[in-house]
Amino acid sequence: MDRQPLLSVRDLEIRFRMRHGDLTAVNRVSFDLARGDRLGIVGESGAGKSVTGFGILNLVSKPGYIAGGRLLFEGRELTALPEEDLRQIRGNRISMIFQDPMMTLNPVLTIGTQMVETILAHRAISRAEATAIALDRIRKVAIPSPQKRLQQYPHEFSGGMRQRIVIAIALLNSPALIIADEPTTALDVTIQADILELLLGLCQSEKMGLILITHDLAVVSQVAERIAVMYAGTIVEIGPTAQVAGNPQHPYTRGLLGALPQRVPRGGRLNQIPGMMPTLTRVPEGCPFSNRCTLCEEVCRRRVPPLEPKAAGCLAACHLLD
Amino acid sequence: MQGWRGFRKSYFVYSFLRDPMAMGSFLCLAILVMVSFGAPLIAPHDPYDSSTIDIMDSEMPPLWLDQSDARFLLGTDSQGRDMLSTMLYGMRVSILIGLGAVALQAFMGIFVGLVAGYRGGRFDAFLMRLADVQLSFSTYMVAIFFGALFQAAFGMGRYEQLAVPLLVIIIGFAEWPQYARTVRASVLAEKKKEYVEAARVIGLSPGRIMWRHILPNTLTPVLVISTVQVANAIMSEAALSFIGLGMPVTRPSLGSLIKAGFDYIFSGSWWITLFPGVALVVLILSINLLGDWLRDFLNPKLYKA
Amino acid sequence: MFAFFIRRVTQAVFVMLVISLIGFTIKQSVGDPLREITGISVSAAERDALREKLGLNDPFLLQWGRFLARALQGDLGNSFYFKRPALQVILGKAPATLELVFSTSLLVVLLSIPIGIYAAVRPRAWLARFFMGVSIVGVSIPVFLTAILLIYVFSVGLGWLPSFGRGELVTLFGGWQSGYFTSDGLKHLILPSIALSSIMLPLFIRLIRAEMKEVLETDYIKYARAKGLKPGRVLLVHGFKNTLLPVITVGGVQLGTLIAFTILTETVFQWQGMGAMFIEAVDRADTSLIVAYLVFVGALFVTVNTVVDLVYGLVNPMIRIAGRR
């Protein structure tokens, strides 16, 4: 029916204002997300994936700023929106889930306050009605005795419980999109799977779109329908999960997959990519991956490879693929 | 020589030279310290020598006003002493007491902080509780009380004779908790680190570990609070002198000069108060600005208690 | 919470015991209790008889116990100079000091919070830099010098405001003499309050700014913005409420400093409060009054600090829980 994507990111560029000129943290990133779709953004830390996520809501911390590109969400251009209109989208049409639930909830306010205020910021309803919604969402994330929980402070919850609360807060205004920035990284390994499953189930039942930002390729392939791989501020490969995870095109993605422990036969060595991702001040000219790529050729050092269709439904930025 | 060259090229000096505020306040402070300690050489008169003072010269305005006297650049006070000379000598007294008091409080505070932080347990809890309670009474209040107490115990005359060492003791004692808390906090942070564990494993004595291993690592915050503490001590001394619990008018500090001048402000002799006041503010301000810069530069984690 | 309350109050009682011990020791070693009652010209035999009768030859601890018992009944001895109970003298002077402290605190709270928050939110704005510059100069000027400068400019120079005394007073119920209800009384309050707040204001502005800046960088502030809350709510409910905790703690300690500084301010403005009275007592070697002031002000500090700690416990959910266990 609705052929227009929910979110369309075009040539997004985010820079950080530094004393000696700007640093480009996100370099001409483009992708689309259909209504109810789930996209995973994968990359090492510093690849620009979190900055991309925050950039969508114009929440990049200073001295970062959006230097260019377009962000079309539900037919509205977010980069041109006044701050007040943007505020009404935040937490309402687009919710965010942060990495560390220990740090995201305000320690001096009760869970109830922090939930109710999110509803009242966007809807003109009574406090009692808002509380009823909050209770409903807490039930949805499977936390027992919600009534009592509303009166409690964040430090009375365990890490996994807090992340459930954060997810419940994300659901409050029935958003069209949730951006989750490393939602399981700070949690115990045993809880990670539960939280992911909860998030996935809710996205499906509530028909919400999801952008899952993580460094963990295994996590993404469980949840997302499409995967974008970021390296040094650019998307190097994007495509359906089965394609990207099963038949990666870009040498970096291949390297990432090779480094996963579960892909290596018992007793074998992990195939780590040699070297480290360059810091933003030292991205090489040409292909940003060229200085670590085992296949690197002359052309890679001179020209930036464009993101082009390479295999079935898959785009990759590499000179060496056809 | 090598060391000096290294120091000159260091980042410390580099960033100092790039900060006009820090340079300016350092220069200002250096000049004030030099002229006050060189007072016997520089000052045109000797305010301690009563034979050169003539009461007929009292309340002369500074040179640029009517009825001034060419001998007295900044005028004279109510006893006929040359303001400039008296201020130079007075500043020397203020700085001396300030430094002495900080040396004492640093000694007490570092010792208590080290031992309390290293030992921990009840001993630590008791000392820190003591420090908290004393701090909650505010250092000024404690200093004023001890001043009042000593004055009552020694009698006015004897107190004035012993004023310098007594003030050092009073202010030093009033402020030791600041050091103790700072040092203890960084000792607690250092104690968890592996090198201390290692030193303990190889069987070094606690004294040696504290002195040679932990203490050097707590010195950055100590240095940072020391500048502020010197300014505070000078302020405390001035306050005590102002309420008559400090230096006597015969051997004035800046504070007692201000007090002496205050009585004459209504009769229009503003210079007796204003000049020492300005000197005091410039002195404290330059120390504070320098301390601010030092804190920003060294940026130690000033642990909160 | 209840356990926390009990612990805090026990501690307060303990501190008060220590203060009374110090006060009593001072009285024993410095003051001469006979002088309070008899004056100076009494024969040696009469003095000895009186000593025995007053129990001054009893053991130290017993005498301290008596001192405590009397202090609890409000008897802190007689002032040598005023020839009246010391506590009565102090209570007569207390309203002047308390009114001065109250208007100063009001000034500090009303100014430091908006300025501190503003300076934290817009650290680079020229107005914020101006405030910070003024505040570092402010902390470097001793309070008595500020007071003198204010008098010189506004009283001697311009003649706008009175320079000493409390002006016209109104007696309220219970004999509280207040300067709050006459325009003359309020006029007299202006300069002393400004002088006294000049030392606290910079400190609080810097504290609030520093704490607020730290809080504004936290994840939960970013999260509050990501929830789409209105900027005012993010700043005040999520930001300022978290800076409130350290500010309350420092505030409690600084109230002590404020009372200490009333001694200086009252001396300059000849404000007839406890501070000026204390300095006069020191000059007259009125030991009983000095000790009474120590105990009274000590009790005031301990009460305030205990209340502040309890309020802190109410604001800070962590302590509330720890106390419940």
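Values quoted throughout were computed directly from the atomic coordinates according to the rules given, and no laboratory measurement underlies them. A quick note: this is a predicted structure, and the numbers were derived from the prediction, not measured. So basically every Cβ, Gly included, is an ideal-geometry build from the backbone, and we count neighbours across all protein chains shown.
The radius of gyration of the Cα set in region C:187-325, together with its Dmax, comes out at 20.1, 66 angstrom. Using a Gaussian network model of chain A in which every pair of alpha carbons under 10 angstrom is joined by a spring, one finds that among A:A124, A:A25, A:A176 the greatest mean-square fluctuation is at A:A124. Exposure proxy for C:K27, A:K140: other Cβ atoms within 10 Å of each Cβ, ordered fewest to most, give A:K140, C:K27. Size check on chain C: the Cα extents along the three principal axes, sorted descending, read 85, 62, 37 Å.
So which helices of chain B fit the span-like rule, where a helix is a whole DSSP H run, its Cα atoms reach 27 Å or more along the axis, and its mean Kyte-Doolittle is at least 1.0?
Numbers: long enough: B:83-119 (53 Å, 1.45); B:163-191 (40 Å, 0.79); B:215-242 (39 Å, 1.11); B:271-298 (40 Å, 1.54).
Those that pass (Cα extent of 27 Å or more, hydropathy at least 1.0) are B:83-119, B:215-242, B:271-298.
If you average over every viewing direction, what projected area does the convex hull of the Cα atoms of region B:209-288 give, in nm²? Working shown, then result.
On the way: hull surface 26.9 nm².
Computed as one quarter of the Cα hull surface, the answer is 6.7 nm².
May I ask for the Rg/Rh ratio of the protein assembly as shown, computed from Cα atoms with Rh as the Kirkwood radius, given to two decimals? Show your work: numbers first, answer last.
Details: Rg = 35.0 Å, Rh = 33.1 Å.
In the protein assembly as shown, Rg relative to Rh is 1.06.
Please state the charge dipole magnitude for region C:169-325, taken about the Cα centre, from unit charges on C-beta atoms (+1 on K and R, -1 on D and E), reported in debye and rounded to the nearest 20.
On the way: 14 positive and 10 negative charges, 239 e Å.
Dipole about the Cα centre, nearest 20: 1140 debye.
Using C-alpha pairs under 8 Å with a sequence gap of at least 6, the mean separation divided by the residue count of region B:198-305 gives a relative contact order of 26 percent. Charge dipole (Cα centre; +1 on Lys/Arg Cβ, -1 on Asp/Glu Cβ; no other charges) of chain B amounts to roughly 2020 debye.
Could you please rank A:T234, A:T52, C:T25, placing first whichever residue has the fewest other Cβ atoms within 10 Å of its Cβ? Walk me through the intermediate numbers first.
Working: A:T234 23, A:T52 27, C:T25 14.
So the residues, fewest neighbours to most, are C:T25, A:T234, A:T52.
Its Cα gyration tensor gives region B:96-300 an equivalent ellipsoid. The semi-axes, each the square root of 5 times an eigenvalue, are 38, 19, 12 Å from largest down. With contacts taken as Cα pairs under 8 Å and at least 6 residues apart, chain C reaches a relative contact order of 28 percent.
Only one residue of B:A260, B:A180, B:V201 has its Cα farthest out toward the positive end of the dipole of region B:96-300, where Lys and Arg carry +1 and Asp and Glu -1 on Cβ, and that residue is B:V201.
Using C-alpha pairs under 8 Å with a sequence gap of at least 6, the mean separation divided by the residue count of chain B gives a relative contact order of 23 percent. Here the residues C:R124, A:R137, B:R158, ranked from fewest to most Cβ neighbours within 10 Å of their Cβ, fall in the order C:R124, B:R158, A:R137. Over all pairs of different C-alpha atoms in chain A, the reciprocal of the mean inverse distance, the Kirkwood hydrodynamic radius, equals 20.7 Å. Membrane-span-like helices in chain C, defined purely by DSSP H runs whose alpha carbon atoms cover 24 Å or more axially and whose average Kyte-Doolittle hydropathy reaches -1.0, are C:2-29, C:86-121, C:183-216, C:241-269, C:287-315. Of the beta bridges in the protein assembly as shown, as assigned by DSSP with both residues counted there, near 65 percent are antiparallel.
Placing +1 on the Cβ of every Lys and Arg and -1 on the Cβ of every Asp and Glu, with no other charges, gives chain C a dipole of roughly 1560 debye about its Cα centre.
Look at the dipole of region B:96-300 built from charges on Cβ: of B:I287, B:G120, B:S138, the Cα furthest out on the positive end belongs to B:G120.
Kirkwood hydrodynamic radius computed over region B:148-211 comes to 15.0 Å, based on all pairs of distinct alpha carbons.
Look at the stretch C:255-262: the mean tally of other chain Cβ atoms within 10 Å of its residues' Cβ atoms is 5. Here is the short version for the protein assembly as shown: A:C203, A:C314, A:C318, B:C28 have no other Cys C-beta closer than 4.7 Å.
Among the DSSP helices (H) of chain A, those spanning at least 24 angstrom by Cα along their long axis with an average Kyte-Doolittle hydropathy of 0.0 or more are A:189-206; this is a geometric and hydropathy rule only.
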